[in-house]
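The values are calculated or read from the model by the stated rules, or taken from the named source; none is laboratory data. Computed from a predicted structure; not experimentally measured. Cβ atoms come from the backbone with ideal geometry, glycine included; neighbour counts cover every protein chain shown. The area values use the complete protein model at the heavy-atom level, side chains included, leaving out ligands, DNA and RNA. Shrake-Rupley method; radii C 1.70, N 1.55, O 1.52, S 1.80 Å.
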Amino acid sequence: MTQNTKKSMSNTKKLTGLAMFAALAYAIMFVGRIPIVLFLKYDPKDFILLIAAFIYGIVPAGIVTVIVCVLETLTASDTGIIGLLMNIVATFAFLIPANYAFRKNKEMKNVVIGLVISTFFMTAIMILWNWVVTPFYMHVPRTEVVKLLVPAIMPFNIIKGFANSALTLIFYRKILKVREDFFEQGDADKEVTLRDTIISAGVLAIVALVMYFLIR
């Protein structure tokens, strides 16, 4: 088998796997949406997308995230473009720290730390963006939104983050096994970790800026 043939088969396998993760994340979002408070609904799709990041990397998982969030907006959500952008921002904010921790050291302890950081990073980002965006989205004074940040927005995102983290840890051994079956990457992870994290953080910043200019 030639090198080109092996590469082609590997790319096909990767695309097939990513398509499967996209379909699974969408399906679990569609059937597993649980209203929590106001317009906020929990679904475990971020858990599926984090597995995709662990296996394929943050950039491919980010592409899947955008696809799934767009499909969610078109078929299952009534929050429009603002909801779409906030959905993407929240998911990226959760994926980036946990994936970085995983790529640096795959021991359970390190992954737990990464998931905790992810949960609080996502919570901080969503508190900030709800403070900025929700007054325009819900057509209410910002003072009313501020009243919701601590009793509603913050606990919702903490619960969401820890729920997805718990699912990740429950299946962590199986995730490692699946990853080993798919790839033999070795130290390649460490070489791309920082680069991919910077790219993903850049995407997060761009989406945030787009959101800001949309609501100005």
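Do the conditions hold for R103, that is, is it touching a helix residue (DSSP H, G or I) at 6+ places or on another chain (Cβ under 6 Å), under 20 Å from L38 (Cβ atoms), charged (D, E, K, R) and at pLDDT below 95? Working first, answer last.
Details: touching a helix residue (DSSP H, G or I) at 6+ places or on another chain (Cβ under 6 Å): yes; under 20 Å from L38 (Cβ atoms): no; charged (D, E, K, R): yes; at pLDDT below 95: yes.
Judged against the criteria, R103 is not a match.
Hey, can you tell me all the residues within segment 68-78 that are buried (at least 17 other Cβ atoms within 10 Å of the Cβ), touching a residue at least 12 places away in the same chain (Cβ under 8 Å) and either of a type in the set (V, I, T) or over 18 Å from I206 (Cβ atoms) (or both)? Result: V68, L71, E72, T73. For segment 49-104: of the residues being among the small types (G, A, S) and not in a helix (DSSP H, G or I), which is farthest from T134 (Cα to Cα)? So the residue we want is G57. Beta carbons closer than 7 Å, at least 6 apart along the sequence or on distinct chains, pair a first residue in segment 139-152 that is closer than 10 Å to I127 by Cβ and at pLDDT 90 or above with a second that is open to solvent by less than 80 Å² (accessible area, probe 1.4 Å) and assigned to a helix (DSSP H, G or I) for L149/I127; L149/N130. Within segment 79-96, being within 9 Å of the chain's Cα centre (by Cα), surrounded by fewer than 24 Cβ atoms within 10 Å (Cβ to Cβ) and small (G, A, S) holds for one residue alone: A90.
Counting only residues that are crowded, with 19+ Cβ neighbours inside 10 Å, over 13 Å from the mean Cα position of the chain (by Cα) and not aliphatic (A, V, I, L, M), segment 101-139 holds 6 of them. Any residue in segment 173-191 that is open to solvent by 20 Å² or more (accessible area, probe 1.4 Å), closer than 13 Å to A98 by Cβ, out of contact with any Ser or Thr (no Cβ under 6 Å at 6 or more places or on another chain) and modelled with pLDDT under 90? No: zero hits.
Considering only residues of segment 35-48 that are in a strand (DSSP E or B) and in contact with a helix residue (DSSP H, G or I) (Cβ under 9 Å, 6 or more places away or on another chain), which is least open to solvent (accessible area, probe 1.4 Å)?
Initially, segment 35-48 is screened for residues in a strand (DSSP E or B), giving 35-37, 40-42.
In the following step, the residues that additionally are in contact with a helix residue (DSSP H, G or I) (Cβ under 9 Å, 6 or more places away or on another chain) were identified as 36-37, 40, 42.
Details: I36: 91, V37: 42, L40: 21, Y42: 37 Å².
The selected residue is L40.
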